[in-house]
Amino acid sequence: MTDSSSPTPPPVVKPSGTPPVSPKSPEAANPPPPAAATGKPRNLADVLREFAEYQQKMRDELGKVIIGQSETIEQLLAAIFTRGHCLLEGVPGLAKTLMVSTLADILDVSFKRVQFTPDLMPSDITGTQVLEESESGRRSFRFVEGPIFTNILLADEINRTPPKTQAALLEAMQERQVSVGRETHTLPDPFFTIATQNPVEQEGTYPLPEAQLDRFMFNIKIDYPSADEEERILTATTRGESPTVNKVLSGRAILTCQKLVASIAAGPLVIRYASRLVRATRPSDASAPEYVRELVDWGAGPRAGQNLIAGAKAIAAMHGRFNVEPGDIHRVALPVLRHRIATNFQAQAEGMDTDAIVKRLLQDVEIPEPAKMANK
């Protein structure tokens, strides 16, 4: 958590809790310009440029530990800047946990990890009421907060715990609060849940229900590294050295970044394109292609469209642009839609998974044209 006594930093100003930099270091030679050093009011272009520079700095800090996975890092940052939650899928050994913990290291926020196991209870996550007795002999209950009261919660191997415990995260992910007994406790702000799961193992696991999957903004699938990346990984991890990362943003600065991203303009054409894309995933919709009617049981809901626009705004802001382009929708379409489409047995027989359907929709759903061009 950030220090409440420090002044509110702009989106790109380093927090006061950042460790001091050696005078001989590159950062000391080229320090970031203070927001109010020139005394001139900053326009949106300056703010976006600084925001783009600092998100690149976050990538550089992550790159000290994580080799490759540029798309995954981009999607994680986009989720953070839009108050979204992420579900990471990948076989063991692809640095899912390391990626999340390193992300927490470069942010000046609190971080807790919960290893989900079959015997984990909901109170182990949310907290519980403890009976206390005062010196006068009076007894009362006191709420002891669980690990969910943090800024970044890593729910490691979330599919290893029963649905009863998985459901303990539902209220926290949607309303950002926890109800225990008759009391409701507000979670810290910002709050992000980043869950991981191994898609290979099926025995002894509990698949997340569709209602909970829909709470995740992104479902990010982590693939194997390339040959060059794997050689770099082996070189870097077998030297016995532990790289250190610097903190880039405070919790309060993250909240300011979220407001900045929300102010990015999404024009009517982009809104219409996102709506067309989401509606095309529903087999009952008139605009759905024939292959969707044959291979899909149900498609994405309105929350998918909201996440498409929010994610596209983050991509645009991270590239220093004022408005959203259709290409930004394309960059986030797969992680937003892949876990919100349910395929049937025919799709499995034909080897068509949700990724293949989304990629085909991105090719088939036309981008709306401006009104003037459409009338010609």
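Since every read-out is calculated from the coordinates, none of them should be taken as a lab result. Fair warning: this is a prediction, and the values are worked out from it, not measured in the lab. A quick note on method: Cβ atoms are made from the backbone with ideal geometry, for glycine too, and the neighbour counts reach across all protein chains shown.
Structural remarks
- Unsatisfied cross-links (Cα-Cα over 32 Å) in the set Lys247/Lys313; Lys96/Lys259; Lys96/Lys164; Lys57/Lys164; Lys164/Lys313; Lys164/Lys259: Lys57/Lys164; Lys164/Lys313; Lys164/Lys259
- Cα centroid separation - the stretch 59-137 against the stretch 264-323, whole Å: 28 Å
- Highest mobility in the GNM of the chain, judged by mean-square fluctuation with C-alpha springs under 10 Å and restricted to Gly181, Gly68, Gly305, is found for Gly181.
- Of all DSSP beta bridges confined to the chain, the antiparallel ones make up roughly 40%.
- Base-10 log of normalised Debye intensity for the stretch 264-376 (one unit scatterer per alpha-carbon) at q = 0.12, 0.20, 0.24 Å⁻¹: -0.42, -1.01, -1.30
- Within the straight-line cut-off of under 18 Å between alpha carbons, the aspartates and glutamates reachable from Lys64 are Glu27, Glu53, Glu74, Asp105, Asp108, Asp228, Glu229, Glu230, Glu231, Glu241, sequence neighbours fewer than 8 places apart in one chain being disregarded.
- A Gaussian network model of the chain, with springs between Cα atoms under 10 Å, assigns the largest mean-square fluctuation among Glu230, Glu325, Glu133 to Glu133.
- Fluctuation leader among Ser250, Ser110, Ser70 - the chain, Gaussian network, Cα springs under 10 angstrom: Ser70
- Using the Cβ-Cβ distance between Arg139 and His185 with R0 set to 35 Å, the FRET efficiency works out to roughly 0.95.
- Of all aspartates and glutamates in the structure, the ones whose alpha carbon falls short of 12 Å from that of Lys221, not counting any fewer than 8 places away in one chain, are Glu71, Glu89, Asp355.
- Summarising the overall dimensions of the chain from its C-alpha atoms, the Rg and Dmax are 22.6, 85 angstrom.
- Packing rank of 98-108, 54-64, where each peptide gets the mean count of other beta carbons within 10 Å, highest leading: 98-108, 54-64
- Taking all Cα pairs closer than 8 Å and separated by 6 or more residues, the relative contact order of the stretch 264-376 comes to 32 percent.
- Estimated purely from DSSP H runs of n ≥ 4, each contributing -39500 (n - 2.57), the mean residue ellipticity at 222 nm for the chain is -11500 deg cm²/dmol once divided by its residues.
- When each of the peptides 147-158, 169-180 is scored by the mean number of other C-beta atoms lying within 10 Å of its residues, the order from highest to lowest reads 147-158, 169-180.
- Counting beta carbons within 10 Å around each of Arg182, Arg276 and listing the fewest first gives the order Arg182, Arg276.
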